[in-house]
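These notes concern the structure reproduced below.
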Amino acid sequence: MNDIEFAPAGPEHGALLTLEHVTKAFPGKDGSVLEILHDTSLAIDRSELVAIVGPSGSGKSTLLSLLGTLDMPTSGILRYDGGDVNAMGERQRSVLRAARIGFVFQQFHLTATVSALENVMTGLQYTTLPRGERRQRAAEALEQVGLGNRLHHRPAQLSGGEQQRVAIARALAKRPDIIFADEPTGALDCETGHTIVDLLLTAADSGASLVMVTHDQTIAARFPRRLHIQDGLVTELDKPNQAPSDEGLSAKG
Ligand SMILES: Nc1ncnc2c1ncn2[C@@H]1O[C@H](COP(=O)(O)OP(=O)(O)OP(=O)(O)O)[C@@H](O)[C@H]1O
Ligand SMILES: [Mg+2]
């Protein structure tokens, strides 16, 4: 895993991620083709906070998987930090993800048999960091999400909101360029959900981009940029609460 180097993202190199004329299609019934994304071009900047909304089945998770390099476009180009992801092999993409991309999902995806600390350390297992440093970073990330006093609890000994915090700590521990979150509040009550969003927005404050899929309009409204997907088309929704010319739009100061 150590033979492929990715230079750390710098603020001066343009967008972190771009889709250029990307389509995504799946085989439908009876040989038909189901086009989920139609000729989509968009860019995600460094430190940008983006919500993705749209009806169930519209392709939100599909779009997130493409942006996160978990799945590949049917046609078109995905660039990560200027590099053509299509030209990478699966192994190189998995190294990229392991080193630089954080994922948070609705169902937490924690390992039931190990502690919060070990779950977070798992997120660092493909780095070259020595075990002591992985442990240190994992403990710091858990501290950052308010679980400094739950390091040795297993998932079943934590509430749903706490389990999602562990998943967020696992994403943060690698100090990612970008965090992708697919309905991270979907399994939580409304209040806990907003606390989780607070945490993600604050965590992204350290410079990571955040792209979050949500069904919840009140959560989407907290993001300076919102993308809507429906019938294969991705559109930008109006930016809430701020004039388009406001330079503070990114909420990053
Ligand atoms: N691997 C696949 N093979 C075939 N069809 C797929 C595949 N993955 C997704 N689809 C189809 O693509 C469409 C979009 O799915 P996707 O999961 O992206 O929707 P979504 O907007 O995330 O929905 P939800 O809000 O319910 O999570 C759906 O009709 C789905 O059935
Ligand atoms: Mg989905």
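The values are calculated or read from the model by the stated rules, or taken from the named source; none is laboratory data. A quick note: this is a predicted structure, and the numbers were derived from the prediction, not measured. Here Cβ is always computed from backbone atoms with ideal geometry, including for glycine, and neighbour counts include all displayed protein chains. Calculation scope for accessible area: heavy atoms of the full protein, side chains included, ligands and nucleic acids excluded. Shrake-Rupley method; radii C 1.70, N 1.55, O 1.52, S 1.80 Å.
From E140, E48, which residue is surrounded by fewer than 17 Cβ atoms within 10 Å (Cβ to Cβ), more than 16 Å from ligand 1 (Cβ to nearest atom) and in contact (Cβ under 8 Å) with a residue 24 or more places away in the chain?
E140
Suppose we keep only residues that are under 21 Å from G161 (Cα atoms) and in contact with a helix residue (DSSP H, G or I) (Cβ under 7 Å, 6 or more places away or on another chain) within the stretch 217-227. Which one would you say is most open to solvent (accessible area, probe 1.4 Å)?
R222
Identify, please: which residue in the stretch 75-113 is exposed (fewer than 14 other Cβ atoms within 10 Å of the Cβ) and of a type in the set (V, I, T) and is, among those, farthest from F26 (Cα to Cα)?
That would be T113.
Quick one: how many residues across the stretch 64-99 are assigned to a helix (DSSP H, G or I), more than 28 Å from G160 (Cβ to Cβ) and basic (K, R)?
The total comes to 2.
Could you tell me whether A171 is open to solvent by less than 10 Å² (accessible area, probe 1.4 Å) and within 27 Å of L19 (Cα to Cα)?
Spelling it out, A171 is indeed open to solvent by less than 10 Å² (accessible area, probe 1.4 Å) and within 27 Å of L19 (Cα to Cα).
Report whether or not S115 is within 29 Å of E35 (Cβ to Cβ) and of a type in the set (S, T, Y).
No; evaluated as a whole, the condition is false for this residue.
Need at least 3 residues that are under 23 Å from F105 (Cβ atoms) and over 13 Å from the mean Cα position of the chain (by Cα) per element, so show me which strands (runs of 3 or more DSSP E) inside the stretch 16-63 make the cut, counting only ones lying wholly within it.
17-27, 33-44
Hey, among T195, T202, T214, which residue is open to solvent by 40 Å² or more (accessible area, probe 1.4 Å) and under 29 Å from R79 (Cβ atoms)?
T202
Kindly check whether there is at least one residue in the stretch 47-62 that is at pLDDT 95 or above and touching a Pro at 6+ places or on another chain (Cβ under 6 Å).
yes
Provide a single number: the residues in the stretch 16-38 that are away from ligand 2 (no atom under 16 Å from the Cβ), farther than 12 Å from I77 by Cβ and among the charged types (D, E, K, R).
Qualifying residue count for the region: 3.
Matching residues to (1) of a type in the set (F, W, Y); (2) closer than 24 Å to G207 by Cβ; (3) away from ligand 2 (no atom under 16 Å from the Cβ); (4) open to solvent by 50 Å² or more (accessible area, probe 1.4 Å):
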| site | (1), (2), (3), (4) |
| --- | --- |
| E118 | no, no, yes, yes |
| L129 | no, yes, yes, no |
| L151 | no, no, yes, no |
| Q163 | no, no, yes, no |
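Output the number of residues of the stretch 173-197 satisfying the condition of being part of a loop (DSSP other than H, G, I, E, B), within 16 Å of the chain's Cα centre (by Cα) and within 16 Å of ligand 1 (Cβ to nearest atom).
4
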